[in-house]
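Here is the structure we will look at, set down as structure tokens.
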Amino acid sequence: MTYTQIGILFVVAVVVSDLLVLRTRLVTRKGFWVAYAIVLFFQCVTNGVLTSLHVFTYADSAIVGDQPASDGPPPFFGQGRIFFQPFEDLLMGFSLCLLAMALWIYWGRRGVQRTPMSGPPIWRWSGRVPSTAPSADGPGPGGARDGEPTA
Amino acid sequence: MERLTYLGVLVFIFFGSAWLEIALRTRVFRRWKRLLLALSVPVVVFVIWDIWAIASGHWAIDPDRTLGIRLFGILPVEELIFFLVVPIASILSLEAVRSVKGWPLGDEASR
């Protein structure tokens with residue numbers, strides 16, 4: 001099997017796990033797609049650096065594009081490349097991130113450290129209060145963080 | 001210095017996402033047991049894929065731009081770190097979005 005085929009297989013397997021096995025259904029959540037968009041941006045930056053410097057090299061037979069000669073960077077775009085990366089790397093990145101995020105939600109839903117929930121951002125002192133806390137938080141500095149339930 | 005290329009990128013990914021724990025109160029590292037459970041499956045699955053792909057010649061990793069420590073004699077240690085740091089960064093991003101937007105993700109109490 002080629003990297004292309006395994007990449008597609010992994011995406012399908014992880015999406016099926018998210019929907020039917022773990023039943024976390026993250027791919028139906030807006031929050032997942034916004035988070036993935038952020039991850040994708042940074043993947044293009046960091047993996048673009050690594051692939052353009054030839055830290056990673058790929059066999060012609062494993063990917064859609066051809067590995068260029070070692071004296072220059074691969075195409076920035078085209079020949080199966082996106083920001084220097086073989087597009088197959090996007091399949092691997094997506095499946096890795098979705099699997100990790102789905103398992104994180106899965107274990108939380110099973111009751112493993114479901115709380116303290118995330119937020120609010122530090123600049124939003126009177127913002128959203130975790131839904132389980134009818135507010136033990138005082139308004140004083142440093143009081144909010146430890147006032148929340150941990151179980 | 002060239003041998004620190006890959007490790008340097010990993011350090012950037014780690015610190016580029018870890019600040020969310022403080023600034024957005026993602027509480028991901030604080031919930032470390034849940035984090036370890038979430039990481040355990042992907043790290044094993046993707047390390048196996050990686051070792052198999054290197055052994056099959058699908059891709060190669062430049063020995064001049066890595067530390068030179070190879071696990072099982074084949075896998076650069078940076079790859080193992082990658083499969084820990086990247087899932088942590090994704091989970092931090094997920095919780096960061098929830099921290100700011102408050103959108104539900106399916107593990108809230110009132111389900």
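The values are calculated or read from the model by the stated rules, or taken from the named source; none is laboratory data. Note that the structure is predicted; figures quoted are calculated from it, not measured. Because the Cβ atoms are built from the backbone with ideal geometry, glycine has one as well, and the counts that use them run over all protein chains shown.
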Q.
Give me the residue from the range B:60-103 that is out of contact with any Phe, Trp or Tyr (no Cβ under 7 Å at 6 or more places or on another chain) and among the acidic types (Asp, Glu) and, out of that set, surrounded by the fewest Cβ atoms within 10 Å (Cβ to Cβ).
A. B:64
Q) Do the conditions hold for residue B:60, that is, is it in contact with a strand residue (DSSP E or B) (Cβ under 7 Å, 6 or more places away or on another chain) and either at pLDDT below 95 or within 7 Å of chain A (Cβ to nearest Cβ) (or both)? A) yes
Q. Only one of (1) in contact with a Lys or Arg (Cβ under 9 Å, 6 or more places away or on another chain); (2) closer than 30 Å to residue A:124 by Cα; (3) outside any helix (DSSP H, G or I) fails for residue B:21. Which number is that?
A. (3)
Q.
Of all residues being of a type outside the set (Val, Ile, Thr) and buried (at least 17 other Cβ atoms within 10 Å of the Cβ) in the range A:53-64, which is farthest from residue A:90 (Cα to Cα)? Just the residue, please.
A. A:54
Q: Return yes when residue B:34 is of a type in the set (Lys, Arg), in a helix (DSSP H, G or I) and buried (at least 21 other Cβ atoms within 10 Å of the Cβ) and no when it is not.
A: yes
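Conditions tested, residue by residue: (1) closer than 22 Å to residue B:45 by Cα; (2) modelled with pLDDT of 95 or more; (3) crowded, with 20+ Cβ neighbours inside 10 Å.
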residue: A:13; (1), (2), (3): yes, yes, no
residue: A:21; (1), (2), (3): yes, yes, no
residue: A:27; (1), (2), (3): yes, yes, no
residue: A:30; (1), (2), (3): no, yes, no
residue: A:43; (1), (2), (3): yes, yes, yes
residue: A:66; (1), (2), (3): no, no, no
residue: A:76; (1), (2), (3): no, no, no
Q | Lone unmet requirement of (1) farther than 18 Å from residue B:38 by Cα; (2) touching a residue at least 24 places away in the same chain (Cβ under 8 Å); (3) of a type in the set (A, V, I, L, M) for residue B:89 | A | (1)
